[in-house]
Amino acid sequence: PKPAAAKPVANSAAPTATPAAKSAVKPVAAKPTAARPGAHKPAATPAAKSSPKPLPPPAKATAQPADKDAALETVVAAAAAAAGVEAAAAALAAFSLADKDGDGHLNFREFAGFVKVANEEVAYLDDSSLPIFIKKEFVKASSKEVGGTTHLLSPAEFEVWHAAFLAARDTWEEELAAKRAAARVTTATESGAAALPPARFGGDGVWEVKLDALQLALESAYALKRTPLLIDATGDEVGGTTALETFYAYSGHQLLELKKMVVEVNVRKIVSLEDALRSAREKLVLALKRGCTFMFLLSNSAPPLRSKFCTPTELPVELFDNSLVQAMRGYDGDLKGSFLGKVIVKEDQLMFAHADFNVAVVTRFPREDYEQFLREELPLELMQPIVVTINR
């Protein structure tokens with residue numbers, strides 16, 4: 001009986017060792033499974049099948065056009081949305097400028113002021129038709145429920161009207177451009193300017209025209225985006241006022257007499273530089289509003305323009321760059337963001353520059369001397385020299 005009792009003890013130890021052995025055998029049992037030839041082949045077959053998956057270019061190639069079309073549609077939609085945002089921003093900026101009392105609405109007087117300024121830039125409506133147009137447009141911009149001239153326009157109402165107004169202005173400008181072109185042809189033909197050789201208005205050399213063909217030469221220079229530098233040969237050697245100076249004195253353009261400015265500021269010292277530049281800025285603003293030519297009259301002097309008189313806030317030197325002048329003009333031009341942004345102040349009530357605004361320079365230095373005297377103070381590389389002679 002005693003040895004038989006000892007066996008269970010051994011058996012109890014054996015079962016304890018048996019589970020441990022079994023648990024140790026389980027990982028070992030995994031090795032034969034991986035090492036079995038039959039089990040290895042199926043494992044290799046899926047691996048071989050999964051490796052070509054990154055390679056199916058046909059599926060990607062067929063998906064690319066659809067992706068490109070979707071991307072193109074996204075870009076077009078984004079561009080349209082951006083244009084809409086830009087138009088809304090332009091309408092909001094115009095609304096803010098027209099809202100004089102800052103109450104967030106436009107009354108009839110404020111709306112009329114905006115339309116008047118816009119019409120000055122194009123000069124399409126005359127004094128008799130402008131009031132009728134303003135009243136009609138205000139009623140059109142008002143909500144259908146209210147209407148009338150006592151209504152206060154909301155920003156949303158103004159934005160809708162503003163978009164339609166811009167489209168109408170484009171039509172106006174096209175009509176006026178056609179009329180002006182026809183008028184120029186008639187004038188040129190009557191004065192004999194049409195008979196001038198075309199080569200006379202080409203290249204980078206000095207042009208020479210008679211006084212009655214001056215307008216055609218000016219327009220040719222502006223078409224090349226050059227600022228005309230008129231070399232005045234319409235006077236005599238004795239002095240006095242020349243025929244060209246007389247012409248501009250009665251032209252209605254804004255004239256800045258630089259020789260007089262030099263004498264008053266630098267020689268006689270009876271006018272401060274600040275006052276002289278303030279007066280020059282006022283002339284410039286008037287030219288921008290009315291669509292005049294801002295004339296720099298140098299006479300026989302070489303005023304210190306770049307070195308002294310030209311400042312970013314009164315008389316920017318960029319005025320001599322006609323490409324910049326043309327870019328900021330008109331209702332669609334970015335006046336505030338242009339080189340004139342620091343010149344214009346709120347009191348000027350100037351939202352945009354007139355489409356006909358331009359710049360020209362007149363000197364009485366002769367053809368053979370003008371470059372020597374003016375090259376330090378004027379960007380002659382941006383200008384078109386034109387010798388103007390008297391009609392004889």
Is it the case that residue 110 is among the acidic types (Asp, Glu), within 27 Å of the chain's Cα centre (by Cα) and modelled with pLDDT of 80 or more? yes
Where the second residue is modelled with pLDDT under 65 and open to solvent by 80 Å² or more (accessible area, probe 1.4 Å) and the first is in a loop (DSSP other than H, G, I, E, B) and hydrophobic (A, V, I, L, M, F, W, C) and lies in segment 137-153, which pairs have Cβ atoms under 9 Å and are six or more apart or on separate chains? 152/146
Condition first: among the aromatic types (Phe, Trp, Tyr) and over 23 Å from residue 166 (Cβ atoms). Now tell me which residues in segment 307-352 satisfy that. 309, 320, 339
Any residue in segment 298-320 that is small (Gly, Ala, Ser), part of a helix (DSSP H, G or I), open to solvent by less than 60 Å² (accessible area, probe 1.4 Å) and farther than 30 Å from residue 110 by Cα? no
Within segment 349-359, is even one residue part of a helix (DSSP H, G or I), crowded, with 17+ Cβ neighbours inside 10 Å and more than 16 Å from the chain's Cα centre (by Cα)? no
Name the one entry in 261, 328, 295 that is out of contact with any strand residue (DSSP E or B) (no Cβ under 9 Å at 6 or more places or on another chain) and open to solvent by less than 40 Å² (accessible area, probe 1.4 Å). 261
Modelled with pLDDT of 70 or more, assigned to a helix (DSSP H, G or I) and small (Gly, Ala, Ser): does that describe residue 66? no
For segment 333-347, check the following and say yes or no: at least one residue is surrounded by fewer than 20 Cβ atoms within 10 Å (Cβ to Cβ), over 21 Å from the mean Cα position of the chain (by Cα) and either outside any loop (DSSP other than H, G, I, E, B) or at pLDDT 95 or above (or both). yes
For residue 372, indicate whether it is crowded, with 19+ Cβ neighbours inside 10 Å and among the polar types (S, T, N, Q). no
Search result, residues across segment 284-313 that are among the small types (Gly, Ala, Ser) and without any contact (Cβ under 8 Å) to a residue 60 or more places away in the chain: 301
For segment 316-338, which residues satisfy the criterion of being farther than 14 Å from residue 356 by Cα and in contact with a Leu (Cβ under 6 Å, 6 or more places away or on another chain)? 318, 320, 321
Just to verify a result, which residue in segment 210-248, among those that are among the acidic types (Asp, Glu) and part of a helix (DSSP H, G or I), is farthest from residue 302 (Cα to Cα)? 212
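The values are calculated or read from the model by the stated rules, or taken from the named source; none is laboratory data. This one's a predicted model, so the numbers in the text were calculated from it and none came from an experiment. So basically every Cβ, Gly included, is an ideal-geometry build from the backbone, and we count neighbours across all protein chains shown. Heads up: the accessible areas ignore ligands, DNA and RNA and are worked out on the full protein's heavy atoms, side chains in. Shrake-Rupley method; radii C 1.70, N 1.55, O 1.52, S 1.80 Å.
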